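Values in this text are rule-based calculations from the coordinates and carry no lab data. All of these numbers come straight from a predicted model, not from anything done at the bench.
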Amino acid sequence: MDINTGRTIKSRLAALGKTQKDLFMELNSRGAKLSTIQQLYQYTNGYNVTYKSQVILAASLKIISEWEEKQR
């Protein structure tokens, strides 16, 4: 993941009409175990860069891609 991953996630969510809260709910339903939505905000804004954050960002991009496919 690079520095622009969070921006990419936010812009793609906006294009879909979804929010980070929607993404948070979907991540947790798939077993991500994010304790708060603020944790997701920290990951997407680059404030917390760890192995877990990288896994969450990769999963986020995958989920968004799935949503984009459904919308086509």
query = Fully extended, how many nm does the chain gain between K33 and N48 (0.36 nm per residue separation, minus their Cα-Cα distance)?
reply = 3.8 nm
key: Viscosity 1.306 mPa s, temperature 10 °C, Stokes-Einstein D of the chain from Kirkwood C-alpha radius, µm²/s   = 132 µm²/s
